[in-house]
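Asker: Following this message is one structure expressed as structure tokens.
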Amino acid sequence: MSFSFQHSDFPDDFLFGTATSAYQIEGHGFGGAGRTHWDDFAATPGNVVRAEHGQRACDHYHRYPQDLDLVRDAGFDAYRFSLSWARVMPDGRTPNPEGLDFYDRLTDAMLERGLKPCATLYHWELPSPLADLGGWRNRDIADWFADYTHTIMSRLGDRMYSVAPINEPWCVAWLSHFLGHHAPGLRDIRAAARAMHHVLLSHGRAIQVMRDLGLTNLGSVFNLEWATPADDSPAAQAAAARYDAIYNHWFLSGVFKGHYPAQALDGLEPHLPANWQDDFTTIQSPLDWCGLNYYTRKCIAPDPSPWPALREVDGPLPKTQMGWEIYPEGLYNFLTSTAKTYTGDLPLLITENGMASAESPISGGVHDPERIAFLDAHLAQVLRAMRDGVPVQGYFVWSLLDNYEWALGYEKRFGLVHVDFETLERQPKSSYLALTELLNR
Ligand code: IFM
């Protein structure tokens with residue numbers, strides 16, 4: 001099975017890449033790395049499938065040359081990776097020379113292979129000592145994050161192709177402080193409101209720090225989910241609009257318009273920190289690009305529970321191993337609507353797109369035709385948006401390797417490359433081979 005279009009259907013300077021994150025692949029139990037709130041979350045019974053954690057993961061820390069060879073050999077232009085705050089600063093405040101050296105080596109290894117390093121500064125492994133101080137609930141996190149940004153980018157900034165401060169602010173804030181599914185596992189509206197605001201304030205501070213260091217090509221990475229009303233009723237439409245406001249517009253509107261959507265403020269405003277409106281100058285620090293992570297849509301129904309008074313219901317479309325509906329049109333919808341409402345001519349990148357599937361190696365390879373079909377269908381929507389004038393400049397597949405899928409442990413496999421978590425052997429799947437054929441032609 002192969003792709004239904006050619007590499008040449010995209011402009012010459014269109015970036016193809018693949019993405020990973022530190023805690024999900026590196027292994028954390030060495031190199032002077034500090035404890036993270038994910039280690040604490042996983043150690044609490046019931047939070048993570050089989051209580052799995054990232055202490056070994058894919059052992060990318062020791063195997064990165066082999067992994068970067070895979071990125072290069074596939075023909076990717078760029079590699080989106082993240083830096084672990086707790087490796088760079090084990091207590092969140094004090095630099096760890098071993099950690100800085102690791103990211104130095106990793107960066108040079110990308111450049112040696114002709115790969116553009118696209119860094120994310122925070123992909124969820126908050127150092128435990130900062131979590132002890134309230135983590136994202138504490139406004140001081142903006143200062144801590146600014147210091148961390150300064151430390152790591154003073155060392156690496158000269159070699160980065162692009163940098164984004166925070167991966168998926170909705171997950172950092174809502175998923176982790178209101179829904180309780182990710183570390184620190186809170187279900188607390190006040191904590192969630194604080195985190196929703198502080199994550200954007202920290203983003204803005206980090207952008208300012210990097211501008212002062214002279215860095216360019218700075219962006220943001222938002223995860224978006226298309227909200228579909230479960231039926232035609234006004235109540236379902238209002239619930240879907242609330243979901244859309246909390247999930248999508250809070251972050252896009254905060255960064256690009258300098259205000260929060262009314263449907264989300266309805267529930268969150270009483271819990272926001274004092275003088276939150278004064279922070280938008282920082283939050284709106286100008287960007288060079290905007291990254292969208294897109295996986296699925298959700299069907300939303302009203303619910304008699306307190307605000308936000310909604311629930312997700314099962315949708316009719318085919319689903320991935322995550323149980324997420326496959327809805328490629330949502331990517332087109334987001335590319336066009338984001339450009340129209342928020343970003344205009346600013347370059348857009350799809351910084352993550354991919355699917356989990358349950359394949360396992362059989363003799364003759366790891367066959368994942370459903371992943372090829374998924375990527376093909378989503379890239380077709382990217383081409384459609386570009387034909388309609390949306391300035392899309394790149395696309396990153398999530399993920400290079402099967403890895404630690406957070407609260408779902410190692411069971412959900414997103415990789416282009418299969419990882420045997422006993423032996424840590426890497427084996428390219430047929431999706432990796434199909435992409436290699438596409439990108440090298
Ligand atoms: O694995 C995650 C990643 O860490 C962030 N974006 C979504 C992926 C799949 O759930």
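The values are calculated or read from the model by the stated rules, or taken from the named source; none is laboratory data. For clarity, every value in this text was computed on a predicted model and none was experimentally measured. We place every Cβ from the backbone using ideal geometry, glycine too, and count neighbours over all the protein chains shown. For accessibility, only protein heavy atoms count, side chains too; no ligands or nucleic acids. Shrake-Rupley method; radii C 1.70, N 1.55, O 1.52, S 1.80 Å.
Asker: Restricting attention to the range 367-383, which residues are in contact (Cβ under 8 Å) with a residue 60 or more places away in the chain, buried (at least 22 other Cβ atoms within 10 Å of the Cβ) and more than 15 Å from the ligand (Cβ to nearest atom)?
Answerer: Asp368, Ile372, Leu379
Asker: State all residues of the range 49-90 that are in a loop (DSSP other than H, G, I, E, B), open to solvent by 10 Å² or more (accessible area, probe 1.4 Å) and under 19 Å from Tyr410 (Cβ atoms); if no residue qualifies, say none.
Answerer: Glu52, His53, Gln55, Arg56, Asp59 - these are the residues of the range 49-90 that are in a loop (DSSP other than H, G, I, E, B), open to solvent by 10 Å² or more (accessible area, probe 1.4 Å) and under 19 Å from Tyr410 (Cβ atoms).
Asker: Find all pairs meeting these conditions: Cβ atoms under 6 angstrom apart; at least six residues apart or on different chains; first residue within the range 259-274 and part of a helix (DSSP H, G or I); second residue not small (Gly, Ala, Ser).
Answerer: That search, which allows pairs on different chains as well, returns Gln263/Arg242; Ala264/Ile246; Ala264/Trp250; Gly267/Trp307; Gly267/Pro308; His271/Ile189; His271/Arg190.
Asker: For the range 392-408, indicate whether the set of residues that are in contact (Cβ under 8 Å) with a residue 40 or more places away in the chain, over 15 Å from Ala19 (Cα atoms) and away from the ligand (no atom under 14 Å from the Cβ) is non-empty.
Answerer: The answer is yes; a qualifying residue exists.
Asker: Okay, moving on. Among the residues that make up the range 7-14, is at least one of them outside any helix (DSSP H, G or I), modelled with pLDDT of 95 or more and within 16 Å of the ligand (Cβ to nearest atom)?
Answerer: Residues of the range 7-14 outside any helix (DSSP H, G or I): 10-14.
Filter again for modelled with pLDDT of 95 or more, leaving 10-14.
Those left that are additionally within 16 Å of the ligand (Cβ to nearest atom): none.
No, the conditions are met nowhere in the range 7-14.
Asker: If you scan the range 262-284, which residues turn out to be buried (at least 19 other Cβ atoms within 10 Å of the Cβ) and touching a Gly at 6+ places or on another chain (Cβ under 9 Å)?
Answerer: Asp279, Ile283
Asker: So, Pro391, is that one surrounded by fewer than 20 Cβ atoms within 10 Å (Cβ to Cβ) and at pLDDT 95 or above or not?
Answerer: yes
Asker: If you don't mind, there's one more thing I want to ask. With respect to Leu175, determine if the residue is open to solvent by less than 10 Å² (accessible area, probe 1.4 Å) and at negative phi.
Answerer: Criteria not met by Leu175.
Asker: From Gly254, Gly204, Gly219, which residue is farther than 24 Å from Leu331 by Cβ and either out of contact with any helix residue (DSSP H, G or I) (no Cβ under 9 Å at 6 or more places or on another chain) or crowded, with 19+ Cβ neighbours inside 10 Å (or both)? Break it down stepwise before answering.
Answerer: Values: Gly254 fails: farther than 24 Å from Leu331 by Cβ; Gly219 fails: farther than 24 Å from Leu331 by Cβ.
The match here is Gly204.
Asker: Further, regarding this structure: Residue check: is Trp324 open to solvent by 10 Å² or more (accessible area, probe 1.4 Å) and within 16 Å of the ligand (Cβ to nearest atom)? Please lay out each step first, then the result.
Answerer: Numbers: open to solvent by 10 Å² or more (accessible area, probe 1.4 Å): yes; within 16 Å of the ligand (Cβ to nearest atom): yes.
Criteria met by Trp324.
Asker: With the checklist (1) in contact (Cβ under 8 Å) with a residue 40 or more places away in the chain; (2) within 22 Å of the chain's Cα centre (by Cα) in hand, flag the one item Pro308 doesn't pass.
Answerer: (2)
Asker: Also, I was wondering about something else. Within the range 20-37, how many residues turn out to be within 16 Å of the ligand (Cβ to nearest atom), among the aliphatic types (A, V, I, L, M) and either at pLDDT below 95 or out of contact with any Cys (no Cβ under 6 Å at 6 or more places or on another chain) (or both)?
Answerer: Summing the residues that are within 16 Å of the ligand (Cβ to nearest atom), among the aliphatic types (A, V, I, L, M) and either at pLDDT below 95 or out of contact with any Cys (no Cβ under 6 Å at 6 or more places or on another chain) (or both) in the range 20-37 gives 1.
Asker: Is the range 300-314 home to any residue that is touching a Leu at 6+ places or on another chain (Cβ under 8 Å), within 16 Å of the ligand (Cβ to nearest atom) and outside any loop (DSSP other than H, G, I, E, B)? Quick ask: steps written out before the conclusion?
Answerer: Restricting attention to the range 300-314, the residues satisfying the condition of being touching a Leu at 6+ places or on another chain (Cβ under 8 Å) are 300-303.
Then keep just the ones that are within 16 Å of the ligand (Cβ to nearest atom); that gives none.
There is no residue in the range 300-314 that is touching a Leu at 6+ places or on another chain (Cβ under 8 Å), within 16 Å of the ligand (Cβ to nearest atom) and outside any loop (DSSP other than H, G, I, E, B).
Asker: Identify all residues within the range 327-361 that are of a type outside the set (S, T, N, Q), buried (at least 17 other Cβ atoms within 10 Å of the Cβ) and assigned to a helix (DSSP H, G or I); write none if there are none.
Answerer: Scanning the range 327-361 gives Gly330, Leu331, Tyr332, Phe334, Leu335, Ala339, Tyr342.
Asker: Additional query: What do you reckon, is Arg297 of a type outside the set (A, V, I, L, M), within 20 Å of Ala195 (Cβ to Cβ) and touching a Gly at 6+ places or on another chain (Cβ under 9 Å)?
Answerer: no
Listed here are the residues, each with its yes/no results for (1) on the phi < 0 side of the Ramachandran plot; (2) within 22 Å of the chain's Cα centre (by Cα); (3) at pLDDT 95 or above.
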{"position": "Thr351", "(1), (2), (3)": "yes, yes, yes"}
{"position": "Ser357", "(1), (2), (3)": "yes, yes, yes"}
{"position": "Ser363", "(1), (2), (3)": "yes, no, no"}
{"position": "Val382", "(1), (2), (3)": "yes, yes, yes"}
{"position": "Phe396", "(1), (2), (3)": "yes, yes, yes"}
{"position": "Ser399", "(1), (2), (3)": "yes, yes, yes"}
{"position": "Gly409", "(1), (2), (3)": "no, yes, yes"}
{"position": "Phe414", "(1), (2), (3)": "yes, yes, yes"}
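Asker: While we're on this one: Quick test for you: out of Thr436, Thr423, pick the one residue that is away from the ligand (no atom under 15 Å from the Cβ) and either out of contact with any helix residue (DSSP H, G or I) (no Cβ under 8 Å at 6 or more places or on another chain) or among the charged types (D, E, K, R) (or both).
Answerer: Answer to the check: Thr423.
Asker: Related question: So, of the residues in the range 156-172 that are without any contact (Cβ under 8 Å) to a residue 60 or more places away in the chain and buried (at least 24 other Cβ atoms within 10 Å of the Cβ), which turns out to be farthest from the ligand (Cβ to nearest atom)?
Answerer: Val163
Asker: Considering every residue within the range 226-247, establish whether at least one is in contact with a helix residue (DSSP H, G or I) (Cβ under 8 Å, 6 or more places away or on another chain), part of a loop (DSSP other than H, G, I, E, B) and not hydrophobic (A, V, I, L, M, F, W, C).
Answerer: The answer is no, given that none of the residues of the range 226-247 is in contact with a helix residue (DSSP H, G or I) (Cβ under 8 Å, 6 or more places away or on another chain), part of a loop (DSSP other than H, G, I, E, B) and not hydrophobic (A, V, I, L, M, F, W, C).
Asker: Taking Ser21, is it touching a helix residue (DSSP H, G or I) at 6+ places or on another chain (Cβ under 6 Å) and crowded, with 19+ Cβ neighbours inside 10 Å? Reasoning before the result, please.
Answerer: Details: touching a helix residue (DSSP H, G or I) at 6+ places or on another chain (Cβ under 6 Å): no; crowded, with 19+ Cβ neighbours inside 10 Å: yes.
So Ser21 does not fit the description; no.
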